[in-house]
1. Mind checking which residues of region 224-248 are open to solvent by less than 90 Å² (accessible area, probe 1.4 Å), out of contact with any Leu (no Cβ under 8 Å at 6 or more places or on another chain) and over 30 Å from Thr286 (Cα atoms)?
2. Being in a helix (DSSP H, G or I) and open to solvent by less than 90 Å² (accessible area, probe 1.4 Å) is the filter; apply it to region 44-60 and report the residue that is modelled with the highest pLDDT.
3. Going residue by residue through region 84-99, is there one that turns out to be on the phi < 0 side of the Ramachandran plot, among the hydroxyl-bearing types (Ser, Thr, Tyr) and either open to solvent by 80 Å² or more (accessible area, probe 1.4 Å) or touching a His at 6+ places or on another chain (Cβ under 6 Å) (or both)?
4. Hey, any hits in region 114-127 for a residue that's within 23 Å of Pro32 (Cβ to Cβ), open to solvent by 40 Å² or more (accessible area, probe 1.4 Å), polar (S, T, N, Q) and not in a loop (DSSP other than H, G, I, E, B)?
5. I'd like the residue in region 128-141 that is open to solvent by less than 50 Å² (accessible area, probe 1.4 Å) and of a type in the set (A, V, I, L, M) and, out of all such residues, is nearest to Ala175 (Cα to Cα).
6. Of all residues in region 9-43, count the ones that are over 25 Å from Leu109 (Cβ atoms) and open to solvent by 50 Å² or more (accessible area, probe 1.4 Å).
7. For region 100-113: of the residues being among the hydrophobic types (A, V, I, L, M, F, W, C) and not in a helix (DSSP H, G or I), which is most open to solvent (accessible area, probe 1.4 Å)?
8. Quick one: in region 142-165, which of the residues that are among the hydrophobic types (A, V, I, L, M, F, W, C) and without any contact (Cβ under 8 Å) to a residue 40 or more places away in the chain is least open to solvent (accessible area, probe 1.4 Å)?
Amino acid sequence: MRRSEVLAEESIVCLQKALNHLREIWELIGIPEDQRLQRTEVVKKHIKEEGETTILQLEKDLRTQVELMRKQKKERKQELKLLQEQDQELCEILCMPHYDIDNTSVPTLEELNQFRQHVATLRETKASRREEFVNIKRQIILCMEELDHTPDTSFERDVVCEDEDAFCLSLENIATLQKLLRQLEMQKSQNEAVCEGLRAQIRELWDRLQIPEEEREAVAMVMTGSKAKVRKALQLEVDRLEELKMQNMKKVIEAIRIELAQYWDQCFYSQEQRRAFAPYYAEDYTENLLQLHDAEIVRLRNYYEVHKELFEGVQKWEESWKLFLEFERKASDPSRFVNRGGNLLKEEKQRAKLQKTLPKLEEELKARIEMWEQEQSKTFEVNGQKFMEYVAEQWEMHRLEKERAKQERQLKNKKQTEAEMLYGSAPRTPSKRRVLAPNTPGKVRKLNTTTMSNATANSSIRPVFGGTVYRSPVSRLPPSGSKPVVSSTCSGKKTPRAGRHGANKENLELNGSILSARTFKGFQI
């Protein structure tokens with residue numbers, strides 16, 4: 001074989017080896033099959049080019065590509081190692097499994113990209129859980145301080161005492177943190193409720209025992225807050241007051257009875273309902289009697305709170321009713337027209353308003369009570385009877401009272417009229433005397449000579465229409481019915497005209513009887 005042929009065969013062998021070596025590198029660095037085919041085609045094109053390059057140039061080009069691929073392989077391996085380190089750190093903090101990737105092969109660009117996204121997600125998860133952990137830890141510390149609670153478990157110590165960065169942010173630990181916080185908050189709420197109950201008990205005992213204000217101020221500093229030391233101080237004060245209560249049993253029971261009576265009034269208890277609680281009237285002041293009173297006051301408080309809205313409505317009606325009766329009383333008082341200024345008009349407006357609002361209020365209460373009775377399946381009573389029956393009874397009593405007052409006035413007027421018919425009218429002092437002006441030529445009235453001559457000290461002014469009746473200066477009729485003898489000391493005066501005298505005589509007739517003639521300071525009427 002000629003030497004040229006030998007060289008050609010050797011070149012072919014070298015090229016074949018180079019291509020095989022390239023394929024191995026491509027496979028090692030993870031180049032996909034389709035890309036390997038494309039690269040092979042590129043090599044093939046280089047070999048088939050016109051003006052073919054020499055073998056040495058081809059070898060140089062291949063070596064350059066190999067170096068480039070080796071550099072890419074190194075960079076990918078380094079990035080893979082860095083991502084794996086980050087993944088390991090984050091997974092340890094989050095207590096999550098490591099990312100699954102083949103360490104023996106060179107990762108593809110797509111695999112590296114997926115790995116980067118996974119690590120970024122882990123960082124976001126860590127940041128979110130850390131924020132939640134810090135927030136929960138802060139609340140836990142506040143609750144522990146409020147409760148004077150010292151961490152007594154390893155988990156609590158890890159949360160409160162250890163470095164935050166060392167805490168495992170697993171889902172389980174976060175859930176355990178939330179559970180611990182709920183427990184502490186529940187203890188805090190219970191402690192607050194206990195402290196508030198102790199404060200209420202202290203205030204009640206203060207009022208029952210009539211503790212002076214300066215003694216109350218001595219414990220004012222523990223009347224707020226719910227820490228353990230506050231709760232302890234409150235309990236000590238309750239114990240002290242309870243002991244004092246036992247020493248002042250009678251005083252305490254009497255104070256409770258005053259409160260019972262107030263609730264009876266607010267609940268509109270009838271006398272029968274009040275008498276039903278027999279211990280109220282006992283005088284053997286023992287602990288058992290105190291317990292009975294305490295139980296009754298608790299029952300009444302609950303009863304009042306359940307029915308508070310209705311009782312307040314009834315109370316509003318009671319107040320409006322009393323105000324209405326007061327206005328009614330003033331309206332029937334004759335003296336209301338004297339020196340009242342603008343109060344009379346104001347009272348009349350209020351009275352008219354109450355006459356409209358009272359029935360409306362009664363209807364509203366009736367509807368609410370009916371609804372309540374349907375819900376409770378029992379009767380709502382006020383003063384031992386149904387409310388609407390109670391209201392109707394009050395209106396009926398008011399009507400009867402007005403009727404009685406009217407009959408009394410009629411009887412009084414009748415007796416006065418009979419007395420006047422028998423004995424004559426009696427003088428009454430008017431509220432304001434009328435001063436007569438001196439006689440002037442233009443205003444002189446004709447005088448009755450008989451009246452002027454017989455005017456005596458008991459003569460007084462009398463209004464012409466419907467005013468106060470005064471005794472007539474004319475002598476009374478004698479028992480025999482004969483006409484009275486009237487003396488005259490003045491003469492020469494003209495007598496009143498017959499027509500006017502006749503008209504006045506007609507006005508003096510009442511129920512078939514003729515009253516004695518009346519005068520108005522000398523003027524016959």
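1. Gly225, Ser226, Val230
2. From region 44-60, those in a helix (DSSP H, G or I) are 44-47, 55-60; that's our starting set.
Restricting the remaining residues to those that are open to solvent by less than 90 Å² (accessible area, probe 1.4 Å) gives 46-47, 57-59.
On the way: His46: 70, Ile47: 70, Gln57: 78, Leu58: 78, Glu59: 82.
Taking the candidates together, the pick is Glu59.
3. Taking region 84-99 as the starting set, the residues that turn out to be on the phi < 0 side of the Ramachandran plot are 84-94, 96-99.
Going one step further and asking which of them are among the hydroxyl-bearing types (Ser, Thr, Tyr), we end up with 99.
Right, trim to either open to solvent by 80 Å² or more (accessible area, probe 1.4 Å) or touching a His at 6+ places or on another chain (Cβ under 6 Å) (or both) and you get 99.
Within region 84-99, one or more residues are on the phi < 0 side of the Ramachandran plot, among the hydroxyl-bearing types (Ser, Thr, Tyr) and either open to solvent by 80 Å² or more (accessible area, probe 1.4 Å) or touching a His at 6+ places or on another chain (Cβ under 6 Å) (or both).
4. The initial filter retains those residues of region 114-127 that are within 23 Å of Pro32 (Cβ to Cβ), namely 114-118.
Next, only the ones that are open to solvent by 40 Å² or more (accessible area, probe 1.4 Å) stay: 114, 116-118.
With the extra rule that they be polar (S, T, N, Q), the set shrinks to 114, 117.
Okay, now just the ones that are also not in a loop (DSSP other than H, G, I, E, B), so 114, 117.
Yes, the conditions are met somewhere in region 114-127.
5. Keep residues of region 128-141 that are open to solvent by less than 50 Å² (accessible area, probe 1.4 Å), which gives 129, 133-134, 136-137, 140.
Next, only the ones that are of a type in the set (A, V, I, L, M) stay: 134, 136, 140.
Numbers: Val134: 14, Ile136: 11, Ile140: 14 Å.
For region 128-141, the residue satisfying everything is Ile136.
6. 7
7. Of region 100-113, the ones among the hydrophobic types (A, V, I, L, M, F, W, C) are 101, 106, 109, 112.
Subset that is not in a helix (DSSP H, G or I): 101, 106.
Working: Ile101: 33, Val106: 5 Å².
Ranking the qualifying residues of region 100-113, first place goes to Ile101.
8. From region 142-165, those among the hydrophobic types (A, V, I, L, M, F, W, C) are 142-144, 147, 155, 159-161; that's our starting set.
Keeping just the survivors that are without any contact (Cβ under 8 Å) to a residue 40 or more places away in the chain gives 142, 155, 159-161.
Values: Leu142: 102, Phe155: 48, Val159: 1, Val160: 42, Cys161: 89 Å².
Per the criteria, the residue is Val159.
The values are calculated or read from the model by the stated rules, or taken from the named source; none is laboratory data. Note that the structure is predicted; figures quoted are calculated from it, not measured. Backbone-built Cβ (ideal geometry, glycine too); neighbour counts: all protein chains shown. Surface areas here come from the heavy atoms of the whole protein model, side chains and all, with no ligands, DNA or RNA. Shrake-Rupley method; radii C 1.70, N 1.55, O 1.52, S 1.80 Å.
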